[in-house]
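Below: the structure, in structure tokens.
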Amino acid sequence: MAASAEKVADTVIVGSYVEMETEGKPKSVKSKLSKFFWDGGSAYDAWFSCASNQVAQVLLTLPYSFSQLGMLSGILFQLFYGLLGSWTAYLISSLYVEYRTRKEREKVDFRNHVIQWFEVLDGLLGKHWRNVGLAFNCTFLLFGSVIQLIACASNIYYINDNLDKRTWTYIFGACCATTVFIPSFHNYRVWSFLGLVMTTYTAWYLTIASFLHGQVEGVKHSGPTKLVLYFTGATNILYTFGGHAVTVEIMHAMWKPQKFKAIYLYATLYVLTLTLPSASAVYWAFGDMLLNHSNAFSLLPKSPFRDMAVILMLIHQFITFGFACTPLYFVWEKAIGMHECKSLCKRAAARLPVVIPIWFLAIIFPFFGPINSTVGSLLVSFTVYIIPALAHIFTYKSAAARENAVERPPRFLGGWIGSYTINVFVVVWVFVVGFGFGGWASITNFVHQIDTFGLFTKCYQCPPPPPPMVFNTTSAPAPIHHPHPHRP
């Protein structure tokens, strides 16, 4: 029965999604070249998209999390949440395949329509699940876009500090708004590849530069010292491996979505080769200094290699902004009835209002680092951990649903009983540790940042300006003035 169901999935789900393409015309060299760079739908494209999207600006805040957690806890939490994230990404992918297979058996055509997570929940579990999933997903992706914008301003400041970070946020907000012209994840092929190259360079720059710099004089590695800091660091790592809120959109852009299964796990394994060495090396070199420097660039000496890393991360953050914002564009298009419009320019114009609140929120809360933990505990915990695990449990709670499932849980994990056990563990752990303790810690830290720097702060964690030069007028007696006798 499992084999026949899988065969049905293979025959039904063939990736019929085609957007803004011209069919039935002979392909010129130009069109073939355009397709090579622009039209991605293979398993490799999905892997690049997952790996590139999973680690972006958070690469620069993980050393900060290590200073809060300590070296051992930092490494263990990365491994743990990497596996947890891979499991829930697998759940999302299996629910997507289930939903799409059912719909395509009913002859539903998804041409020029991108399936999204809230639609999967609606089709499998009803409108209440849809509403909850839509609220959490949109809010998380909104703040995910905000974080990328904040990171752009934070990074460029280390190359050019003639402008404050708030001004740089204005500038990069306008730059990131150009992502409205990228139709879908189908068109991120070259960007995903370049994005992963950029984060790979940055991660190894952080690692090598930290070892060459060596440990600062009197370096201390005292973490963990406070529960607030400990759980704040843990929720930042929860956020790091919670980048699969766009899993459904990435799968929908694939020619054969059923091949996604373990792609996110493979992407996570590669990402760990970047995050573990870089975070460990920077924390080894600078220790507790990182507690007051959430951006790793701020402690490394200025050099052409650091400038290159900053520039590459800026470009990558533009790409990741697009990854986070594109699902929001889709939701907005569907709300105003523009989603199936074939004019790219009309859709781009319709998408622009989505960027405005992102721009505004980045100016209000420019707290690079602490905002990651807050978003991780309050939004990521539900969006990509708790809701997918519960949705999988309730979708297959009946014997008939399990018998007719398109995608069955792996046997080596215990089949349905094993998946149910893992899902319950995910829900309990993330709710108690991620949302409960993590929420308390991250909100406490976030409020502390507001009290310290204030909302709309002009330049978050910028070094204070040098004091004005004051001439010492008391060190020498003033010269005696002798009047000229011949002057009237």
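If a residue counts only when it is farther than 18 Å from W332 by Cβ and modelled with pLDDT of 90 or more, which helices (runs of 4 or more DSSP H) contained entirely in segment 91-190 have at least 3 such residues?
117-125, 127-156
Quick one: what pairs do we get from segment 150-166, first residue surrounded by fewer than 16 Cβ atoms within 10 Å (Cβ to Cβ), second acidic (D, E), C-beta under 7 Å, 6+ apart or different chains?
I159/D307
Go through (1) over 30 Å from M338 (Cβ atoms); (2) assigned to a helix (DSSP H, G or I); (3) open to solvent by less than 10 Å² (accessible area, probe 1.4 Å) for A405 and report which single condition fails.
(2)
Considering only residues of segment 169-217 that are open to solvent by less than 30 Å² (accessible area, probe 1.4 Å) and of a type in the set (F, W, Y), which is nearest to V248 (Cα to Cα)?
F185
So which residues in segment 252-277 are among the hydroxyl-bearing types (S, T, Y), within 14 Å of L83 (Cα to Cα), open to solvent by less than 30 Å² (accessible area, probe 1.4 Å) and in contact with a Leu (Cβ under 9 Å, 6 or more places away or on another chain), if there are any at all?
The one that is among the hydroxyl-bearing types (S, T, Y), within 14 Å of L83 (Cα to Cα), open to solvent by less than 30 Å² (accessible area, probe 1.4 Å) and in contact with a Leu (Cβ under 9 Å, 6 or more places away or on another chain): T268.
Name the residue, out of F77, F66, that is among the aromatic types (F, W, Y), in contact with a Phe, Trp or Tyr (Cβ under 7 Å, 6 or more places away or on another chain), assigned to a helix (DSSP H, G or I) and modelled with pLDDT of 80 or more.
F66
Going residue by residue through segment 408-422, is there one that turns out to be over 18 Å from S377 (Cβ atoms) and in contact with an Asp or Glu (Cβ under 8 Å, 6 or more places away or on another chain)?
no
Return the residues of segment 374-402 that are out of contact with any Phe, Trp or Tyr (no Cβ under 6 Å at 6 or more places or on another chain) and open to solvent by 50 Å² or more (accessible area, probe 1.4 Å); say none if nothing qualifies.
L378, L390, F394, K397, S398, A399, A400
Tell me, which residue of segment 345-373 that is within 18 Å of the chain's Cα centre (by Cα) and aromatic (F, W, Y) is modelled with the highest pLDDT?
The qualifying residue modelled with the highest pLDDT is W359.
Spot the failing condition for Y239; the list is (1) assigned to a helix (DSSP H, G or I); (2) over 16 Å from the mean Cα position of the chain (by Cα); (3) more than 14 Å from F323 (Cβ to Cβ), and only one is missed.
(2)
In segment 278-307, what residues are open to solvent by 20 Å² or more (accessible area, probe 1.4 Å) and in a helix (DSSP H, G or I)?
S280, W284, D288, M289, L291, N292, S298, P304, F305, D307
How many residues does segment 281-323 hold that are at pLDDT below 90, out of contact with any helix residue (DSSP H, G or I) (no Cβ under 7 Å at 6 or more places or on another chain) and of a type in the set (S, T, Y)?
1
The values are calculated or read from the model by the stated rules, or taken from the named source; none is laboratory data. This one's a predicted model, so the numbers in the text were calculated from it and none came from an experiment. Heads up, the Cβs are rebuilt from the backbone with ideal geometry, glycines too, and the neighbour counts pull from every protein chain shown. Side chains included, ligands, DNA and RNA excluded: accessible areas come from the protein's heavy atoms. Shrake-Rupley method; radii C 1.70, N 1.55, O 1.52, S 1.80 Å.
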